[in-house]
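Working notes, structure below.
Read-outs throughout are calculated quantities, based only on the coordinates presented, and are distinct from any laboratory measurement. Keep in mind that this is a model prediction, so the values were computed, not measured. A quick note on method: Cβ atoms are made from the backbone with ideal geometry, for glycine too, and the neighbour counts reach across all protein chains shown.
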Amino acid sequence: MNRLAEILRLENHAVAIYREEKLPEDAFVPQNGHCTIPSLFVRCTRLGGKCAADSAHSPCHGSKSGFGFGGIADRQRSAWSASTVPEEIRENMAHKSTGMSYFETPEIALLQMEPIKDYGDGSDAIVFQDLDDALAQGRPIEVVAFLVDPMRLSVLQQLAAFSKTTPGPAAIMPYGHACQQVYAIPRGEGESDDPHAIIGMTDLYARRYVDKDKMSFAVPYKLYQRMVDDIDRSFAAKPRYQEYMDACLRSYQNQKSQIRKNGAYAPMVSALELVPELGLALGFG
């Protein structure tokens, strides 16, 4: 188990994302479906192994940008779709959509889409593989991605911030399709001298494919390496960190037990109740 997964006590698989000239023979390849987030990224987090797709096996137009198959052909049309489709344009569209109204205007939508870089020409394949396996095999990893709950997300973002020497957040949550948040945007961050981690799965369409308490956390490979190198010098190496993790895990388990017992949501016992001295230290009780 890689060091970062170990300190997170990860219950699923960290995922390495990279490119190959063609589909690997030993990879699972999605054969149907529109969105390939569940059959590539989510499947790999749950089962490990290796999943891959080329452009032909990734039909969603968003994935042409998100998974590096040449980019979205018409960003103006995408901006209309994310905001409001002009009536004269709508008349010539097959589905007659008025737009998703994620943004007030197409101009605002374009501004949010502008930083997302396009990669590739659609001639190669994208590969999602269990991180430990990819590291052992020396794969050309570009992005490392996790699917985690808020507790582990908190640890990841704080570790990403540990040795950051510039102002501003270490992790950001930009607009994008789920595939862009998992691959294209963090890959672009890898070209910066000050890369950010990308918190994702805010794509309302793709949310149906992930657990309600999970978000993605994706980083360019060089930021992943920095985070691993920082572990022994950071909070993650201190005994108090393990105490916090234990308290959070007990709290989560208590919540799950109450839900199973009552058949509905019940307020969880907080870490402050489980670790009274923590509450006193923070001024409660």
- request: Just subtract the alpha-carbon distance of Q158 and A136 from 0.36 nm times their residue separation and send over the number in nm, one decimal.
  value: 5.3 nm
query: Tally Lys/Arg at +1 and Asp/Glu at -1 over every other residue whose Cβ is under 12 Å from the Cβ of M113; what's the total?
result: -1
- prompt: Once you list every other residue whose beta carbon is under 12 Å from the beta carbon of V15, what net charge do they have if Lys and Arg are +1 and Asp and Glu are -1?
  reply: 0
message: For segment 79-184, what are Rg and Dmax over the alpha carbons, in angstrom?
response: 18.7, 55
query: Given the convex hull over the Cα atoms of the chain, what projected area results after averaging over all orientations, in nm²?
result: 18.2
statement: Once normalised by the length of the chain, the mean sequence separation of its alpha carbon contacts under 8 Å that are 6 or more apart gives a contact order in percent of 19
- prompt: Computed FRET efficiency, Cβ-Cβ of T98 and R9, R0 41 Å: what is it to the nearest 0.05?
  reply: 0.35
query: How much length is gained on full extension from D149 to D232, taking 0.36 nm per residue of separation minus their Cα-Cα distance?
result: 27.6 nm
message: Would you work out the Kirkwood radius for segment 73-114? I mean one over the mean of 1/r across all pairs of different Cα atoms, in Å.
response: 10.0
- line: Over the chain, the sum of -39500 (n - 2.57) across DSSP H runs of at least four, divided by residue number and rounded to 500 deg cm²/dmol, gives at 222 nm -10000 deg cm²/dmol
- prompt: Along the Cα-to-C-beta direction of K222, a point sits 7 Å from the Cα; which residues of segment 1-36 have their amide N less than 19 Å from that point?
  reply: 17-19
field: Net lengthening on full extension, M1/H34 (0.36 nm per residue, minus Cα-Cα)
entry: 8.6 nm
message: Number of Lys pairs in the chain with C-alpha atoms less than 18 angstrom apart, excluding same-chain neighbours closer than eight positions?
response: 6
Bins of 5 Å, starting at 0 and running to the largest distance - Cα pair percent for segment 31-72: 5, 26, 32, 22, 12, 2
